[in-house]
Amino acid sequence: MHTDARKLPNQSVITGDICIVGAGAAGISIALDWMNSDYNVVLLEGGGFDYDDKVQELYNGKTSGQKYFPLKSARLHYFGGTTGHWAGMCSPMDDLDFKIREWVPNSGWPISKKDLDPYYAKAQETLQLGPYKYDYEYWDKELPDLNPFPFKKEVVWNKMWQFSVAHFGKEYKNPIVKSGQIHLYTYANAIDLRLDSTKKHITEIEVANHSGKRHIVKAKHFIMACGTIQNTRMLLASNTQMPQGIGNQNDLVGRYFQEHLEVASAELWLPKNFPTNLYSWTYGETKASAELAITERTQREHKMLNGTASLEPLRIAKHAKPRMETWQDNDPRKSSENMFANWREAEKLGKKETGNIERAYALITRIEQAPNPNSRVTLGTEKDSLGVPRANLHWELTPLDKYSVRKMYQILGQQAGLSEIGRIRLNDFLRDENDHTFPDSTNGGWHHMGTTRMSDDPKKGVVDANCKVHGISNLFIAGAACFPTSGAPNPTLTLTALSLRLSDHVKGLV
Amino acid sequence: MVYSALGITSVALPIWYYNKDSSGYHELVIEPEFLSHIMDGQSIDEIGSHYLELNPGESSETELISLLPEADATTGDGIIQKIRQEIVANYTSGDTICIDGWVLSRTEARQCALYSLNHKT
């Protein structure tokens, strides 16, 4: 079922067994999981089925610290969320990502990868991927001429990726609208979460839209699934009954904001051609490809973060501007257009490059960010058009982040040398070992993580191992905000798996 | 047999170069053979200059030659093979140095330094 909340009588009361706030990858995955249940599921989406700039504007906010994308254009605010224009890159986190690493402050999840494995397998289906197989050996049998670089397996491994072309807005609109169990309300922006007198139970959520309508949603359980920054903003802004915000009794909500550092970091020059199909991919065609990753043993030895390096032809990459430069328009459509226009131009210029550079690659880092309490989302003083304080983001990186990126290429440089496949050249920003800063050209992946981190200890995390907000009996957070650490891969596969695990948990409660 | 992408072997080396060491050295000792396939002579020269700045104790050809693997092979193939083994050994043991961003083996960095000294003469 579908209702446009702008068309409801003002002050309508909507009821359900569970209420999912947000219809992006997390929210839709959970909703689909209840499709054949006997329960009434309310699915709230702030926008409609298409881009609406007035709705998108609700995401606007200020940024400080490390240069960042405009918050307004960093995520998409309509049914399907940011899957509306994502690249579809999927890979699970590694075993190590879930463990406590003594060299990574605040690392460790209260669950292991084994806990998530069944849900990863299920998430593969939701994301319309292939089998839950991410080992090189499997894909070597499936795909021709992968031919990996001959690096020492104890040091470097090939981390496999699969690629989704599923845009949730298109794929899942009809099943949800036609569902008898799911009632989707578009133009229903959550603006306030309300507690009972004990302040331990959410009773209702107020929603609003630009038609001046306000409604109340009542449910037994509430799942916030509107993206890391918006989930955080809602907890902090719902401060009428709890001045510090809901779930924020230990001043943790909004802290530990993490992104993936995606930055051109080095070059790999080969003396002769090395034919391989392993390290490149084409949207809509490639089933699986790999990035170069550092083994757990080597990470432990060097006390570094977990990351990978992808390869792009240097003759093209040298002409591409950093995304942090091309994606600076507040309108996500224009930013996207700028970015693709630059890529097309780079490809055109790259074709003119000849000589040794034709055998060279740019190495692009994709690495987790060390959890940092000072990297955080807070509320601004300005309010949006629905009266909710805007989010401010202070993105702050640490020396461990810089050290880890540099170390990764020192290790790859050593491996390239001893395997005699080529030589690696670090980019300028990595050459001074005493420089812990990142240049403005450092990209994020538009991946927002960590601000309602998971921990069994309420003093160390906002949600517990089941993604329930500590101290609140019926409020859950779905999505990457729950990640205590961010791993190297893009977050969608993991956040979908975690959301499906949460969904299973809530089924046991209703 | 082409040993070099740089054409170093065709460079007329000064007579003093051969007189530096009584045992004599093949001109390919100063040839960073692998690097010559991915960069030009100017880049090798610059790497060599920076290596000399970072390692003032190795600023003479005599010193550098003494630190390179003994290259008494009479054929170019033998010399290249020997130096190549030493370079791989450097990478394996972690005896690398970062110059102008390049992660280089100590041996090939010294070869660049020798090239640079020779190039300036």
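The values are calculated or read from the model by the stated rules, or taken from the named source; none is laboratory data. Only a predicted model underlies this, so the values are computations on that prediction, with no experimental measurement involved. Neighbour counts run over all protein chains shown; Cβ positions are idealised from the backbone, glycine included. These accessible areas exclude ligands, DNA and RNA; they are computed on the full protein's heavy atoms, side chains included. Shrake-Rupley method; radii C 1.70, N 1.55, O 1.52, S 1.80 Å.
Things worth noting here:
- Here r is the Cβ-Cβ distance between residue A:11 and residue A:111 and R0 is 35 Å; the resulting FRET efficiency, rounded to 0.05, is 0.30.
- Among the listed pairs A:72/A:220; A:170/A:321; A:7/A:54; A:318/B:120, those beyond 22 Å (Cα-Cα): A:72/A:220; A:170/A:321; A:318/B:120
- The contact residues of segment B:74-108, meaning those that lose at least 20 Å² of 1.4 Å-probe accessible area when all protein chains sit together rather than their chain alone, are B:84, B:88, B:91, B:92, B:98, B:100, B:101, B:102, B:103.
- Model label points for residue A:121 and residue A:62, set 7 angstrom from Cα along the Cα-to-Cβ axis, are 5.0 nm apart.
- Relative to its residue count, chain A spans a Cα convex hull of 134 Å³ per residue.
- Most simply put, the protein assembly as shown has about 65% antiparallel DSSP beta bridges, counting only bridges with both residues inside it.
- Part-to-part distance (alpha-carbon centres) for segment A:61-100 and segment A:470-499, which is given in Å: 12 Å
- Cross-link pairs A:62/A:287; A:62/A:402; A:141/A:351; A:133/A:178; A:218/A:459 - those with Cα-Cα distance over 31 Å: A:62/A:287; A:141/A:351; A:133/A:178
- Ellipticity at 222 nm from helices only: DSSP H runs of n ≥ 4 in chain A, each -39500 (n - 2.57), divided by the residue count, give -7000 deg cm²/dmol.
- Vicinal HN-Hα couplings computed from phi for segment A:465-481 (Karplus, 6.51 cos²θ - 1.76 cosθ + 1.60; Hz; Gly/Pro x): 5, 9, 6, 8, 5, 4, x, 10, 6, 9, 10, 10, 10, 10, x, 6, 4
- Cross-link pairs beyond the 26 Å C-alpha cut-off, checked among A:199/A:468; A:348/A:407; A:114/A:507: A:348/A:407
- Local electrostatic count, residue A:39, Cβ distance below 13 Å [Lys/Arg +1, Asp/Glu -1]: -1
- Karplus-based coupling profile of segment A:13-22, in residue order and whole Hz: 10, 9, 10, x, 6, 10, 10, 9, 9, x, with θ = phi - 60° in 6.51 cos²θ - 1.76 cosθ + 1.60 and x standing for Gly or Pro.
- For chain A, the relative contact order is 24 percent, taking Cα pairs closer than 8 Å that sit 6 or more residues apart in sequence and dividing their mean separation by the residue count.
- Relative contact order for segment A:397-454, counting Cα pairs under 8 Å that sit 6 or more residues apart, in percent: 40 percent
- Inter-centroid distance (Cα atoms) of segment B:29-47 relative to segment A:204-233, Å: 63 Å
- Per-pair calculated FRET efficiency, R0 = 25 Å: residue A:165 and residue A:54 via Cβ, rounded to 0.05: 0.30
- For the pair residue A:473 and residue A:435, label points projected 7 Å from Cα toward Cβ lie 5.7 nm apart.
- Pair residue A:382, residue A:419: separation of 7 Å Cα→Cβ label points (nm): 4.9 nm
- 3J(HN,Hα) along segment A:449-456: 9, x, 7, 10, 4, 8, 7, 6 Hz, from the Karplus curve 6.51 cos²θ - 1.76 cosθ + 1.60 with θ = phi - 60°, whole Hz, x for Gly and Pro.
- A Förster radius of 45 Å combined with the Cβ-Cβ distance from residue A:194 to residue A:337 puts the calculated FRET efficiency at roughly 0.65.
- Extension gain, residue A:459 to residue A:507: 0.36 nm times the residue separation minus the Cα-Cα distance gives 14.6 nm.
- Taking the longest Cα principal axis of chain A as reference, the axis of helix A:228-237 is set at about 40 degrees.
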